[in-house]
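Here's the structure we're looking at; comments come further down.
Bear in mind that the values in this text are calculations on the coordinates, not laboratory data. As the structure is a computational prediction, the values presented were derived from the model and not from experiment. Glycine gets a Cβ as well: all are built from the backbone with ideal geometry, and neighbour counts include every protein chain shown.
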Amino acid sequence: MRQSRTLRRIRLVAVVAALPALLGVAQPAGAAPPSPPPGPGTPAAKSSVTWSVAPGTDKGPDGRAAFTFEADPGQTLRDVVAVSNFSAAPATFRVYASDAVNTPTGGFDLLAGDRKPADVGAWVALTQSTVTIPANATVNVPFTLAIPANGTPGDHAGGIVAALQRAGQGPVVVENRIGARIYLRVHGKLAPSLGITRLDARYHHSPNPFAGGDVTVEYTVRNTGNVRLAAAQLAAVTGASGGRLASASGPPVAELLPGQSLQYTVIIRGVAPLGPLGADVTVTPSAVKGDKYTESLSAAGLGTGRRSAGLFAMPWSQLVLLVLLAALVVLAVIVLRRRRQAAARSLAAAVERGRLEERRAAADRLAASRPDFESEPARAASRPELESEPARMEEKL
């Protein structure tokens, strides 16, 4: 809050033509909620004002999608911005230029209205800072773009904004704005290059020992050159020998402005925990879609960004599985040994029983081969002298 008033930053909407269907005001997360509908006698119509900002001429919008310039250092350019009010009542807009930045998601935005530009936004001089536009009318505002003599070669991005301010809750002032982009290329040596300024990698184990885990790769891509670029991204995990184990593509970069950075997170799935691993990220730049300077970029040579980081993946679930398997093997060996010992004892007992049976059978066969010993009565009847054998022995004694 500055002097009891705060300008809330609203997402820049690039309008390519003065079409009501393309108009709209986007209020970012975190901005103050809209104020209650104003009562009679207040500027209630402002809450429903629709307008557009587009490149034009003295006759109005000319159909260009953006202000696209190419010039030398020290050169001054002249153009016109057309601001159209599609509302049923007059509206007053603040008109100004600012520098472009990338949003955290990679979109195109301008500095907040209370921040002073230092690049192409500071080089623009509008003939009017505020315009009051009648209902369903257009005001064409001339401007100059004076490139400093020491202006750095390469791309400079910004925009011209028509902002509508309205009262919010309490002392807050909400600024809704719509703008047209400015793309300026200053002649000189081009150095298209992307770099990776930070890379962190972490391994997340899977409870399933037969499935690989996930590697989370977080990194920051920075445009280290002087040309706005698009890019494709690839993150990969390598083993100790350098061979690629798994990879995943990062989200494509649509437009990264010079000096701007974007943070990304890529998850690579199905990576085996093989101890020391490596995480590699490659960012391959290309010309922004629709950029008419593609050939000059190719001639300048696009600088690919690469960065690597190490990580360690201990195979915990596999080790647990190995311990369990070893325990099962030991248990199986113990059970098998006990069974073999029991079988050996059973065999020895069977052999002993077999021997006894054989002896008994042999005795039975021997007895069967001598009928006089089949039974006691038979022995007594066949050999009566045996009955008196003890008596004779006693007599001899």
Report summary line: Residues whose modelled amide H sits under 5 Å from the amide H of residue 277, counting only those 5 or more places away in sequence or on another chain, are 311, 312, 313
**Report entry** Loop sites in region 165-214: trypsin sites (Lys or Arg not before Pro), DSSP, at most 10 other Cβ within 10 Å
**Finding:** 189
Query - Label-point separation, residue 298 to residue 78 (7 Å along Cα→Cβ), nm - result: 3.7
Requested in this report: Subtracting the Cα-Cα distance from 0.36 nm times the residue separation, let me have the gained length for residue 166 to residue 122 in nm, one decimal.
Outcome: 13.3 nm
Report summary line: log10 I(q)/I(0) for region 122-163, Debye formula on C-alpha points only (no solvent), q = 0.14, 0.15, 0.17, 0.21 Å⁻¹, two decimals, reads -0.46, -0.51, -0.61, -0.81
**Report entry** Volume per residue that the Cα convex hull of region 170-289 spans, once the total is divided by residue count, Å³
**Finding:** 185
Report summary line: 1/(1 + (r/R0)^6) with r = Cβ-Cβ of residue 198 and residue 322, R0 = 35 Å, i.e. FRET efficiency to nearest 0.05, evaluates to 0.45
Report summary line: With 0.36 nm assigned to each residue of separation and the Cα-Cα distance removed, residue 189 to residue 357 gains 49.4 nm
Query raised in the report: When N counts the residues of region 107-203, how does its alpha-carbon radius of gyration compare numerically with 2.2 N^0.38 Å, as a ratio?
Result: 1.48
Query raised in the report: Measuring from centroid to centroid over Cα atoms, what is the spacing of region 89-157 and region 240-264 in Å?
Result: 32
Query raised in the report: Points 7 angstrom from Cα along the Cβ direction at residue 341 and residue 132: gap in nanometres?
Result: 10.9
Query raised in the report: Can you list the HN-Hα couplings for region 187-200, worked out from phi with the Karplus curve (6.51, -1.76, 1.60; θ = phi - 60°), rounded to whole Hz and with x for Gly and Pro?
Result: 4, x, 6, 8, 9, x, 7, 10, x, 10, 8, 8, 8, 10
Query raised in the report: What are the ³J(HN,Hα) values, in whole Hz, obtained from phi via the Karplus relation 6.51 cos²θ - 1.76 cosθ + 1.60 with θ = phi - 60°, for each residue of region 250-264 in sequence order, with x given for Gly and Pro?
Result: x, x, x, 8, 7, 6, 10, 6, x, x, 8, 10, 9, 9, 9
Report summary line: Interchain or sequence-distant (5+) residues whose placed amide H lies within less than 5 Å of the amide H of residue 194 are 224, 303, 305
Report task. State, to one decimal in nm², a quarter of the convex hull surface area for the C-alpha atoms of region 245-301, i.e. the direction-averaged projected area. Result -> 5.7
Report summary line: Sequence order, region 112-118: Karplus ³J(HN,Hα) from phi using 6.51 cos²θ - 1.76 cosθ + 1.60, θ = phi - 60°, Hz rounded, Gly and Pro as x, gives 4, x, 8, 9, 7, x, 10
Query raised in the report: What FRET efficiency comes out for the pair residue 244/residue 332, r = Cβ-Cβ distance, R0 = 35 Å, nearest 0.05?
Result: 0.35
Query raised in the report: What are the residues whose amide H is under 5 Å from the amide H of residue 50, where those residues sit 5 or more places off or on another chain and H is modelled from the backbone?
Result: 86, 87
